[in-house]
Amino acid sequence: MTAIEPDATRFWFPPAHSWPDDDLVGTGADLAPGTVLAGYRRGLFPMPLTNGELGWWSPVERAVLEFSAFRVSRSLAKSCRRFTVSIDADPAGVVEGCANPDRPHGWITPEMKEAYLLLHRLGWMHSFEVWDSRGDLVGGLYGLGIGGLFCGESMFHLARDASKVALVHLVAFLSERGGVMLDVQWLTPHLASLGAEVIGREAYLSRLPAALAAPDPFEGLDSDVGWG
């Protein structure tokens, strides 16, 4: 489907040159589709603070995963053959898996879930689902796609390597269909082991306009696409 542009946000985002030298750039605003998209287009993403206030973040040590640097080990390649992967077949199931309250450091509130599922219905949020041989959802990831930019938000797994398998298919999908940049926000040891690296906020913002202007790899893609 073609993504539907929502009503413009009523909030103003400060220019990057005025941002503090801190990952948290500001607080407030809302999670309306137009506000969320405006934030991403400026290099920001929303995440609530522990006090419930909505924060807007742009990590100083911003990390990306270059397609050419992505590392698939022999064991991960073997795991890929154990699962079936789909795209946009069960975004609600993936978001629920990522928002499991038993996971440590959970940040996906009911309001965040509602906001991203609405963005899915408008054609901006996309999910990659991983299914086992019984047809059970055992892993996946979701994120926001704007032009050639894909911003990974969260992933989960109930079976070994299932979230990594979702990432393998995301990288393959983006690289094959003209994606430009895969934003992973903060670098974690898990992501570093797969080839992600820190490029920093300044470099990220300099690359952002070209990524946003590129064609959308998800344009015209039917939901429930199976990859096998």
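Each value in this text was obtained by applying a stated rule to the coordinates, not by laboratory testing. Just so it is clear, the structure is predicted and the values come from calculations on it, not from any experiment. Methodologically, a virtual Cβ is constructed for each residue, glycine included, from the backbone with ideal geometry; neighbour enumeration extends over all protein chains shown.
Here are a few things to note about the model shown:
- Length released on extending from Ala16 to Thr109, taking residue separation times 0.36 nm less the Cα-Cα span: 30.8 nm
- Gain upon complete extension [Thr84, Met1; 0.36 nm per residue less C-alpha separation]: 27.6 nm
- Within the stretch 12-77, trypsin sites (Lys or Arg not before Pro) in DSSP loop having at most 14 other beta-carbon neighbours inside 10 Å: Arg71
- Derived scalar couplings ³J(HN,Hα) [the stretch 56-72; Karplus, 6.51 cos²θ - 1.76 cosθ + 1.60; whole Hz; x for Gly, Pro]: 10, 10, 8, x, 4, 9, 5, 10, 9, 10, 6, 4, 6, 8, 5, 10, 10
- Mean-position separation - Cα centroids, the stretch 79-97 and the stretch 24-45, in angstrom: 27 Å
- Among Val72, Gly135, Ala29 the positive-end extreme of the charge dipole of the chain (Cβ point charges): Val72
- Summing Cβ point charges (Lys, Arg +1; Asp, Glu -1) relative to the Cα centre of the chain gives a dipole of roughly 660 debye.
- With contributions of -39500 (n - 2.57) from each DSSP H run of at least four residues, the per-residue ellipticity at 222 nm computed over the chain stands at -9000 deg cm²/dmol.
- Extension gain, Glu53 back to Arg177 (0.36 nm per residue minus Cα-Cα distance, nm): 40.9 nm
- Among Gly145, Gly28, Gly93, the largest mean-square fluctuation in a Gaussian network model of the chain, built with springs joining Cα atoms closer than 10 Å, belongs to Gly28.
- Neighbour cut-off at most 16 other Cβ (10 Å), DSSP loop, chymotrypsin sites (Phe, Trp or Tyr not before Pro), the stretch 152-194: Trp186
- For the stretch 2-106, GluC sites (Glu not before Pro) meeting the loop criterion (DSSP other than H, G, I, E, B) and having at most 11 other Cβ atoms within 10 Å: Glu53.
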